[in-house]
1. Got at least one residue in region 227-248 being among the acidic types (Asp, Glu), loosely packed, with under 14 Cβ neighbours inside 10 Å, at pLDDT 95 or above and outside any loop (DSSP other than H, G, I, E, B)?
2. Working only within region 60-72, note down all residues that are within 22 Å of Ala161 (Cβ to Cβ) and away from the ligand (no atom under 12 Å from the Cβ).
3. Quick one: in region 330-369, which of the residues that are charged (D, E, K, R) and farther than 30 Å from Glu119 by Cβ is surrounded by the fewest Cβ atoms within 10 Å (Cβ to Cβ)?
4. Return the total of residues in region 96-139 being closer than 18 Å to His310 by Cβ and β-branched (Val, Ile, Thr).
5. Considering only region 34-53, state which residues are over 17 Å from the mean Cα position of the chain (by Cα) and within 16 Å of the ligand (Cβ to nearest atom).
6. State which residue is surrounded by the fewest Cβ atoms within 10 Å (Cβ to Cβ) when the search covers only region 206-226 and only residues that are assigned to a helix (DSSP H, G or I) and aliphatic (A, V, I, L, M).
7. Contact list please: Cβ distance under 9 Å, first residue in region 179-192 and assigned by TED's automatic domain parsing to the domain that holds Pro137 and on the phi > 0 side of the Ramachandran plot, second residue more than 8 Å from the ligand (Cβ to nearest atom) and assigned to a loop (DSSP other than H, G, I, E, B), pairs at least six apart or on different chains.
Amino acid sequence: MKIPFVDLKAQYKTIKNEIDEAIQSVIDETAFIKGKYVTQFEKAYAEKYGVKHCIGVANGTDAIYITLKALGVGKGDEVITVANSWISTSETISQTGARPVFVDIDPDYYTIDHRLIEEKITKNTKAILPVHLFGQPAEIIKIKKICDKYNLHLIEDCAQAHFAEYNNQKVGTFGIAGTFSFFPGKNLGAYGDAGAIISNDDDFAVKARMYANHGALIKHKHEVEGINSRLDGLQAAILSVKLKYISEWNEKRLKNATLYNKLLAGVDGIAIPQIRENVKHVFHLYVIRVADRDTLQKYLAEKGISTGIHYPTPLPFLRAYKYLGHKSEEFPVVSKYQDQILSLPMFPELTADQMEYVIESIKASLNAA
Ligand SMILES: *Cc1c(COP(=O)(O)O)cnc(C)c1O
């Protein structure tokens, strides 16, 4: 059986008519840049999050960069973030001129270890940038307390956690801003690049919108130099259709994760994902740990099962950060886990048959070892 890591076609088939219609409307109205489809999506997204502002941008990386710039983060500043994430989280910090300061991950939940944050705070620290990784909220209330105590900005990277919740509050609404990616494979995915920033802060929202639009809110009135980072009309129209289904899709992901957990319960040598108390985990990724990860991954590939590694090299150990001179002893948890983590196929349309085949194959691989 061939099982893709993510099956975007399966999802498209379930909403084909609505999507095709939405795309045709944008073309009929040539509403490619700005226009009503973008405004409609921004409004719908803000409403669903219960926030005052949503700013559509070109992608999730820009969403972080624009947020940092709108907050005035720059040269000489430090931003604390997590050692395991996609590079967007840290490269955007560097792009402002600030320095990324990495913190190891929590051994049970894989998000930033909040107990290790305070020791990294210096007089130059401006913000903390946790990532709700794999769809699991970080320990956000405790992180917010640290931010309040030291007067730091809290920016939430929600690229993998659309509509995840901590204590019944949606992640992305705890700090000054929540940043989102709508990369096609994300829980809410466009048909190309797209992203957004949400916030309840009027002043921040104005600055972010301005920065994303060449430093201008009104055409030709450039208050500052900015960048060109737009959510385009086609993507906005597609996202508006898909937004109606996101809760249902997230439920299906959780259901799939629950079945994986059940099928893996009692299988020796596999650590299954742990879910924090009081959170809604949206399972962007289903990540297990196994001692001989590479052998298992190879075996699954031979069985037609696509898997992923998130991430093979933690951020501090990438060539890009060699200049920071980090050593593996500084990040003992992620150093150990980088060779053990394996992301299994995960998407809403995954069937029980497919999941059973994945788990049977895992068992066969372990037994063969
Ligand atoms: C995908 C992702 C991003 C970047 O999003 P793009 O839309 O690809 O720019 C940022 N942070 C995390 C954690 C991500 O997974």
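1. Within region 227-248, the subset among the acidic types (Asp, Glu) is 232, 248.
The next check asks that each one be loosely packed, with under 14 Cβ neighbours inside 10 Å; those that pass are 248.
Still in the list and also at pLDDT 95 or above: 248.
Now restrict to residues that are outside any loop (DSSP other than H, G, I, E, B): 248.
Yes, the conditions are met somewhere in region 227-248.
2. At the first step, the residues of region 60-72 found to be within 22 Å of Ala161 (Cβ to Cβ) are 60-68, 70-71.
Leu68, Ala70, Leu71 - these are the residues of region 60-72 that are within 22 Å of Ala161 (Cβ to Cβ) and away from the ligand (no atom under 12 Å from the Cβ).
3. Looking only at region 330-369, we keep the residues that are charged (D, E, K, R), and these are 330, 336, 339, 349, 353, 356, 360, 363.
Applying the additional criterion that residues be farther than 30 Å from Glu119 by Cβ yields 349, 353, 356, 360, 363.
Details: Glu349: 16, Asp353: 10, Glu356: 14, Glu360: 12, Lys363: 16.
Looking at the filtered set, the residue picked out is Asp353.
4. Pass one, region 96-139, residues closer than 18 Å to His310 by Cβ: 102-113, 129-138.
Filter once more, so that each one left must be β-branched (Val, Ile, Thr): 103, 105, 111-112, 131.
The number of residues fulfilling the criteria is 5.
5. Taking region 34-53 and keeping what is over 17 Å from the mean Cα position of the chain (by Cα), we get 34-44, 46-48, 50-53.
Matches in region 34-53: Phe41 only.
6. Initial filter on region 206-226 (assigned to a helix (DSSP H, G or I)): 206-212.
Right, trim to aliphatic (A, V, I, L, M) and you get 206, 208, 210, 212.
Numbers: Val206: 15, Ala208: 28, Met210: 21, Ala212: 27.
Out of the qualifying residues, it is Val206.
7. Final answer for the pair search is Gly192/Pro184.
To keep it simple, each residue is scored yes or no on (1) buried (at least 20 other Cβ atoms within 10 Å of the Cβ); (2) in contact with a helix residue (DSSP H, G or I) (Cβ under 6 Å, 6 or more places away or on another chain).
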| residue | (1), (2) |
| --- | --- |
| Leu8 | no, no |
| Glu21 | no, no |
| Ile33 | no, no |
| Thr39 | no, no |
| Glu42 | yes, no |
| Tyr49 | yes, no |
| Ile55 | yes, yes |
| Gly72 | no, no |
| Thr92 | yes, yes |
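The values are calculated or read from the model by the stated rules, or taken from the named source; none is laboratory data. Since the model is a prediction, treat every value here as computed from it, not as a measurement. Counting neighbours? That spans all protein chains shown, and the Cβs are built from the backbone with ideal geometry, glycine included.
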